[in-house]
Every structure is written in structure tokens, then in C-alpha cells.
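The values are calculated or read from the model by the stated rules, or taken from the named source; none is laboratory data. The model shown is predicted, which means the values in this text are computed figures rather than measured ones. Here the Cβ positions follow ideal geometry from the backbone for every residue, glycine too, while neighbour counts run over all protein chains shown. Please note that ligands, DNA and RNA were not included when accessible areas were found on the heavy atoms of the full protein model with its side chains. Shrake-Rupley method; radii C 1.70, N 1.55, O 1.52, S 1.80 Å.
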Amino acid sequence: MNAMTTPDRPDADFTPWPDNFVRRYRERGHWTGTTLHGRLAEVAAAQPDRPALVCGERRWNYAELDRRVRAAAAGLARLGIARGDRVVLQLPNIAEFHVACFALFRIGALPVFALPAHREAELGHFIADTGACAAITVDREAGFDHAAMMRRLREAHPCLRELVVVGGGGDGHDFDALYADSGDRDVDAHHDATAVAFLQLSGGSTGTPKLIPRTHDDYLYSVRESARICGFDTDTRYLCLLPAAHNFPMSSPGAFGTFHAGGCVVMARHPEPAASFAVIERERVTATALVPALALAWLASATRGRHDLSSLRLIQIGGAHLARDVARRMIESFDARLQQVFGMAEGLVNYTRLDDPPDLIASSQGRPISDDDEIRIVDDGDRDVPEGEVGHLLTRGPYTIRGYYRADAHNRRAFTADGFYRTGDRVRRLASGHLIVEGRSKDQINRGGDKIAAEEIESHLLTHPAVFDAALVAMPDRWLGEKACAFVVLREALAPRELQQYLRTRGLAAFKIPERIEIVDTLPRTAVGKVDKRALRARFAPPAPIQSATEATA
Ligand code: AMP
Ligand code: DBH
């Protein structure tokens with residue numbers, strides 16, 4: 001436990017905005033003092049009969065969603081979960097994700113968002129880092145027994161007292177039992193919008209993943225403005241295809257933006273194109289968010305022409321670099337508007353605007369949400385580069401954090417002294433304010449939107465007795481954009497496959513296991529003795545382009 005954390009100040013590890021900024025963001029109407037669950041309750045009261053959430057055969061209107069959120073909050077409170085407690089939430093894209101989320105908000109407990117792909121290494125770190133007292137998970141997903149994993153984690157981490165399992169499972173509490181006999185009892189809803197609402201995940205570039213404390217005030221601002229920019233309203237039917245805990249489908253405008261606008265969220269448990277097209281047709285979906293890898297899969301899917309996708313008005317693509325040519329093909333191939341989204345769980349989100357010319361939509365990653373998003377593009381010495389030139393993107397604003405959770409040493413590097421977040425992205429800016437992402441300076445692999453911190457995997461590799469040195473770099477991949485390749489110097493013979501298997505036994509998410517392992521005699525070094533990753537990356541040839549379904553059959 002961190003000495004700074006006291007029960008009455010659960011978010012003492014949170015770096016607040018300085019007072020003059022707080023005043024400014026309130027005066028300008030960005031921060032309204034409304035909580036995320038407060039907004040959901042407002043919408044539910046205003047339009048109880050409108051559809052709110054679809055999950056397979058289950059359809060809930062706002063009254064039903066609101067009732068379940070309140071009942072689940074009462075149920076969680078009965079388990080002793082209280083204001084300020086941290087609760088690990090690992091669920092697939094099912095309705096319970098949002099019920100759990102808003103129920104925890106009502107209590108004032110902080111969800112710690114985990115991806116379904118996360119395994120013991122990541123979850124163990126989240127639990128230890130946050131002192132989580134409970135976890136909410138699913139019994140099985142994609143053939144994996146999540147409940148059993150959480151039970152093992154509970155044995156290893158005594159702080160983790162309670163386990164709630166959707167679908168029941170062993171000695172965990174059944175999620176559905178949370179709703180039971182709470183009658184009309186309601187928890188005394190937590191009202192402090194300045195408080196941290198949850199801990200979001202960062203892709204990270206360090207040895208251990210860092211957590212991102214987001215407040216109700218700052219997050220609701222980004223959600224509200226995102227919904228406005230993207231034209232979400234009560235007729236919006238948003239398909240949540242990407243993992244629901246990811247910041248993009250949660251808030252840009254995502255599910256929260258849809259709820260904010262009074263629209264309907266459709267949860268998709270499987271992201272395959274054929275299944276997505278069927279759901280779009282059946283549910284008359286109007287908007288969805290993809291990563292570039294999914295956009296390629298949509299283009300390549302032969303099933304596209306078999307479905308009526310005419311309801312789809314907006315396709316958002318973000319999370320990783322979108323090739324201009326793929327953007328153009330998306331514009332040509334679908335009758336929906338394309339929008340590029342360049343965002344980060346730390347805050348800043350950029351959108352191409354709905355009325356931007358198609359060329360700008362295909363070639364830029366959009367401009368910031370807010371006039372109060374401060375953008376600096378600087379050289380290695382933090383000096384502003386001339387307008388239009390490429391540099392490191394720094395940002396500060398009404399929904400960008402001032403510090404990671406419990407990471408003082410890292411915060412000194414990740415933020416400037418005056419509070420700008422060093423995004424690690426290299427960008428240039430057009431006269432219109434639109435940004436073009438040209439690359440990155442952070443030591444990270446962006447595997448189709450899933451971020452892999454090189455240092456995290458290198459340190460796992462180095463725990464193997466046969467490994468002397470290791471460097472993880474991105475190699476080009478025609479579907480995912482990038483995959484991870486580990487260059488490894490060995491002390492004794494070891495097959496690459498054994499090393500991959502070893503990483504799996506360390507309990508890492510599958511997407512982080514390097515697809516390729518190259519055994520080398522030495523790693524190249526720069527003049528100052530650092531591993532020369534640029535030289536390692538240069539060993540890969542660029543990938544061949546992918547044909548779309550129509551081209552392939554032509
Ligand atoms: P995270 O900090 O884990 O939320 O990941 C955010 C990072 O994803 C950004 O800093 C970028 O490096 C990358 N990213 C997100 N959207 C885009 C995009 N549209 N184009 C290129 N990179 C992106
Ligand atoms: O990659 C991201 O983290 C991201 C992409 C688009 C994001 O957090 C967002 C939009 O909000």
C-alpha cells in the first residue's frame with residue numbers, strides 16, 4: 001500500500017489540475033459537476049422507455065438499465081465494497097460490463113479496467129498496484145476460465161476479498177445475485193464529480209503498465225463534446241466491437257457518449273466482420289469504432305455484400321496508423337462517413353470532423369476536441385518546432401491527466417514541469433489544426449491498436465536463465481500494421497518456440513507474446529551504448545499491400 005493513501009482520501013495518488021486551471025475549466029463550462037452515473041440517471045429519468053442496451057437477445061430500455069445499475073450498486077455495497085475501493089473489472093463485451101461500471105460509480109468505488117486478454121501478470125500487477133479489494137469477471141470467455149484465474153489471483157493477493165462472476169463460478173458471487181432482494185433500496189449515490197471515477201489502462205512504454213486516474217468532471221466533458229462532434233443523438237445505435245474497457249469504444253464517443261446522448265449501445269461479443277455485418281443489419285446500427293486492422297478485415301470480407309448496411313452512418317477508425325489508401329477504400333466501399341480518431345487514454349482525443357473534405361479525412365488524424373486542448377510540437381530539447389514541421393507532441397487540457405496513478409518517478413519524465421503530457425507521438429500540424437501522426441518516440445509496439453511496451457516484455461525475457469540480452473522492436477505486418485519481434489542474445493541454446501512458451505507461462509496477454517524471435521550474437525548499439533532499435537527495425541522489409549475482396553476476385 002502507498003503511504004499517501006488514506007481511507008478518507010482514496011484518490012490522494014491523483015495529481016490534481018492546478019487551481020487556476022480548475023477555475024478556467026469550470027468557468028468555461030467544461031466541468032459541470034455532474035457525475036457519469038448522475039448523467040445516466042438524468043437520461044433514464046427523461047426517457048425511461050427508450051432503448052439503452054442490446055446484448056444478444058437481451059434488450060433493456062433506460063428504465064431497466066437504471067434499475068439494474070441501482071440494484072447492482074446495492075448488491076456490491078452489501079459485499080462491503082465502499083467509496084474509494086478499487087475493483088478490477090475484466091469482462092467481455094456484454095451488458096454486465098456497463099451495469100458493473102455504473103454501479104461502481106454510484107458507490108464511488110473505482111473500476112480498474114482490464115482487457116479480456118489480460119492474464120495473471122497484468123492482473124496481478126493491477127491488484128497489487130491498486131490494493132483492489134474485489135474483482136468482477138466472467139466464468140469463461142473464448143475457452144479461457146477467467147473465474148479460475150481470479151481465484152488464483154485472490155490466493156496470491158490477500159487484499160482481494162471478493163470475487164463476482166458473471167455466469168457464476170465456484171466460490172465467487174454470482175453477478176445476477178447482486179440484483180436479488182435489494183428491493184427499492186438504493187445506495188446513497190456518490191456525488192463528487194471532482195473525484196477519480198476509475199483507473200484506465202495505458203498502453204505504456206515502461207516495465208509495468210501504468211494506470212490512468214480519470215475524474216467524472218474531465219471524462220464527462222470529453223464524452224459530451226465527443227458526442228456533439230460526432231452527431232450522436234437519441235437515434236444513435238452504437239455498435240461496441242472493440243473491447244468495451246478500451247478508452248476509444250468507451251468514450252470517443254463510444255458507449256458512454258451514446259448513453260450521454262440517449263442512444264442505444266449494441267454490445268458485440270465477437271468482432272469478426274461476418275458477425276458484425278449481421279448485427280449491423282439486424283440492429284440497424286448507425287455508428288461504430290474500428291481499429292485499422294478491423295477496417296482491413298471489413299474490406300477483405302466476402303460477406304460484406306450479403307448484408308444491408310444502409311443504417312450505418314459513421315465508421316470511426318483509430319488506435320493505430322491508418323494508411324491513406326485504406327482510408328480511401330473505406331470511403332469508397334461503405335456508404336457511411338469515415339472519421340479518423342487519434343486519441344489516448346491519458347486524455348487528448350482528435351477527430352476529423354464530419355464535414356471535413358474527404359481528402360483531409362483520408363490523410364489526417366483529426367484535430368482536438370477542445371479549444372482548451374493546448375498542443376505543443378517540440379524538438380528533443382522541448383523547443384517548439386517551426387509550424388508544419390514534425391516534432392514530439394505535448395499536450396495539456398481539460399481532460400488530459402496531470403499524472404499517472406502512483407508513479408512519481410515516471411511522472412517526472414512523462415510530464416513537463418508545467419504539466420504537459422509527453423504523448424510519445426511524433427506529429428505535424430496543418431494550418432487547419434489537424435494533426436498528422438508521423439511516428440512515435442516511445443518504445444512501444446502498436447499491434448493493431450493493442451499497445452506493447454518493449455521494456456515490459458524485455459524484462460520478462462531477461463528472467464529466463466538462458467537469456468543474456470533482449471530487445472523488442474516492431475516489425476511491419478500487413479494486417480496489424482505492426483507485430484513484435486524480439487532480438488535475443490542467448491547464454492545457451494534455446495528454441496524460439498520455447499521462449500514464446502515461457503512468456504506464456506509468465507501470464508502475459510497473448511497479444512504481447514512476440515510473433516517472431518530472432519537469435520543474434522550481439523545487439524547493435526548506438527554511440528552512447530543504447531540498443532540501436534532503429535538498426536534492428538531496418539532489418540525488416542515493408543509488407544506487401546492487401547487486396548480488398550472486390551480486387552481479389554476481379
Ligand atoms: P494509450 O496511451 O495506450 O491510450 O494509446 C494511445 C496511443 O495510441 C497514442 O499515443 C498513439 O500512439 C496511438 N494512436 C491512437 N490513435 C491513433 C491514430 N489514429 N493514429 C496513429 N496512432 C494512434
Ligand atoms: O488508442 C487509443 O488509446 C485511443 C484511440 C482513439 C483512445 O484512447 C481514444 C480514441 O479515446
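Things to note:
- Flag if A289 is within 13 Å of ligand 2 (Cβ to nearest atom) and out of contact with any Ser or Thr (no Cβ under 9 Å at 6 or more places or on another chain): no
- Filter pass, T234 being more than 16 Å from the chain's Cα centre (by Cα), outside any helix (DSSP H, G or I) and under 24 Å from P16 (Cβ atoms): no
- Residue match in the stretch 75-83 (condition: more than 26 Å from the chain's Cα centre (by Cα) and surrounded by 20 or more Cβ atoms within 10 Å (Cβ to Cβ)): yes
- Any chance R337 is more than 16 Å from ligand 2 (Cβ to nearest atom), charged (D, E, K, R) and modelled with pLDDT of 95 or more: yes
- Of the residues D176, D186, the single one that is without any contact (Cβ under 8 Å) to a residue 60 or more places away in the chain, over 28 Å from R23 (Cα atoms) and in the same structural domain as H146 (by TED's automatic domain parsing) is D176.
- Residue count for the stretch 228-264 satisfying the condition of being farther than 20 Å from G449 by Cβ and either open to solvent by 10 Å² or more (accessible area, probe 1.4 Å) or aliphatic (A, V, I, L, M) (or both): 10.
- The listed residues are L472, L480, L508, and the only one of them that is of a type in the set (A, V, I, L, M), without any contact (Cβ under 8 Å) to a residue 60 or more places away in the chain and either touching an Asp or Glu at 6+ places or on another chain (Cβ under 7 Å) or surrounded by 14 or more Cβ atoms within 10 Å (Cβ to Cβ) (or both) turns out to be L472.
- Test for V427: is it of a type in the set (V, I, T), surrounded by 17 or more Cβ atoms within 10 Å (Cβ to Cβ) and either touching a strand residue (DSSP E or B) at 6+ places or on another chain (Cβ under 6 Å) or at negative phi (or both): yes
- Odd one out for Y351, checked against (1) in contact (Cβ under 8 Å) with a residue 60 or more places away in the chain; (2) away from ligand 2 (no atom under 16 Å from the Cβ); (3) hydroxyl-bearing (S, T, Y): (2)
- Residue pairs whose Cβ atoms lie under 7 Å apart, separated by 6 or more positions or on different chains, with the first residue in the stretch 133-149 and among the β-branched types (V, I, T) and the second open to solvent by 10 Å² or more (accessible area, probe 1.4 Å), are V138/V166; V138/G167.
- Conditions (1) acidic (D, E); (2) more than 26 Å from G343 (Cβ to Cβ); (3) out of contact with any strand residue (DSSP E or B) (no Cβ under 9 Å at 6 or more places or on another chain): number failed by E162: (3)
- Residues considered: D379, D356, D371. Of these, the only one that is among the charged types (D, E, K, R) and either within 16 Å of ligand 1 (Cβ to nearest atom) or buried (at least 21 other Cβ atoms within 10 Å of the Cβ) (or both) is D356.
- Where helices (runs of 4 or more DSSP H) fall entirely within the stretch 85-162, those with at least 3 residues that are among the charged types (D, E, K, R) are at 120-130, 146-156.
- Of the candidates I315, I280, the single residue that is open to solvent by less than 30 Å² (accessible area, probe 1.4 Å), aliphatic (A, V, I, L, M) and either within 16 Å of ligand 2 (Cβ to nearest atom) or under 30 Å from G397 (Cα atoms) (or both) is I315.
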